[in-house]
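Structure, as structure tokens:
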Amino acid sequence: MAISSWRGDIGTIKPTQRPGGTEEFIRLLPEGIGVMETGLNIQRGTVDEFKRQLAAYEEKIAELTPREPDVIFPGGAPPFMVHGYKGEARIVRKWRKKYGVPICTSGMYQVNALKALGIKSFVGATYFPRKLNKIFADYYEDAGFEVRGMEGIDVPFDKVQDLSGEMVYAHIKKHFLKTKGADGIYFLGSGWRTLRIIDMLERDLGVPVSHPVCAKVWEVQRRLHIRETRQGYGALLATLPKLKPVRIKGR
């Protein structure tokens, strides 16, 4: 028999053994939510490595399902985005049907967060090379957004957590101002420690920011029917906007 937490339980599948992201996520969760975590060991951060992960993710979903989480979050956007926006949707539909549990990937809740914030066009920031950034941009274009840029910082995959917040802030600000006209900023990846610059970016550049850790906390609250704001981490958690249809690109 599964043991339930009083406000709900989620299952998470961590893509790497990198510290930081899980700790940040749990600290921002409201009290009373249980987190059941398991993980993979992605090490190189390459297209071929990401594409090989589906069987490993499914094993972890099968491992979590008997514990009866309210929703399972397979972490890591790239391992799903490399299959494309529609390809990811097919994979998740298959797993939902097979295991009978709600499943939401990183890309899916970031799409939801961008829509809830009213963002139609954005400048994205990643710690991946150009080839992968093109895949990420195509994913969001297929989701209906205008991607004004998907700019990566040149850093080894196993050193991402060592980037300073100041360096990331400067990287994003430079590319946002250069592109002109975007109405939001998007962070891909929770490997870097960037929560503290979200509010600063929103104040300085005057647009909302979708950050993966905050987007996941927002999605958890939305699915568990909880409304508990958090100040200091951007508009998404400060206001908990509802997800509503957003008209994008004349659709």
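Assorted remarks:
- Among the residues of segment 129-161, those identified as part of a helix (DSSP H, G or I) and without any contact (Cβ under 8 Å) to a residue 24 or more places away in the chain are 130, 133, 134, 137, 141, 159.
- Single residue of segment 21-66 satisfying the filter (aliphatic (A, V, I, L, M) and assigned to a strand (DSSP E or B)) that is surrounded by the fewest Cβ atoms within 10 Å (Cβ to Cβ): 35
- Index of the failed condition, residue 87 passing every other in (1) in contact with a Phe, Trp or Tyr (Cβ under 7 Å, 6 or more places away or on another chain); (2) surrounded by fewer than 20 Cβ atoms within 10 Å (Cβ to Cβ): (1)
- Among residues of segment 162-183 that are modelled with pLDDT under 95, those with a beta-carbon under 7 Å from a residue that is in a helix (DSSP H, G or I) and not charged (D, E, K, R) at least six positions away or on a different chain give the pairs 165/197.
- Listed by first and then second residue, the pairs with beta-carbon distance under 6 Å, at least 6 apart or on different chains, first residue in segment 77-89 and farther than 14 Å from residue 188 by Cα, second assigned to a helix (DSSP H, G or I) and modelled with pLDDT of 95 or more, are 85/139; 85/142; 88/80.
- Within segment 78-112, tally of residues that are of a type in the set (A, V, I, L, M) and in contact with a Pro (Cβ under 9 Å, 6 or more places away or on another chain): 3
- Inter-residue pairs, beta-carbon under 6 Å, first under 22 Å from residue 120 (Cβ atoms) and in segment 227-251, second part of a loop (DSSP other than H, G, I, E, B) and modelled with pLDDT under 85, 6+ apart: none
- Residues that are aromatic (Phe, Trp, Tyr) and modelled with pLDDT of 95 or more, drawn from segment 129-158: 136, 139, 140, 145
The values are calculated or read from the model by the stated rules, or taken from the named source; none is laboratory data. Quick caveat, the model's predicted, so the values are computed rather than measured. Cβ sites come from the backbone with ideal geometry, for glycine too, and all protein chains shown count toward neighbours.
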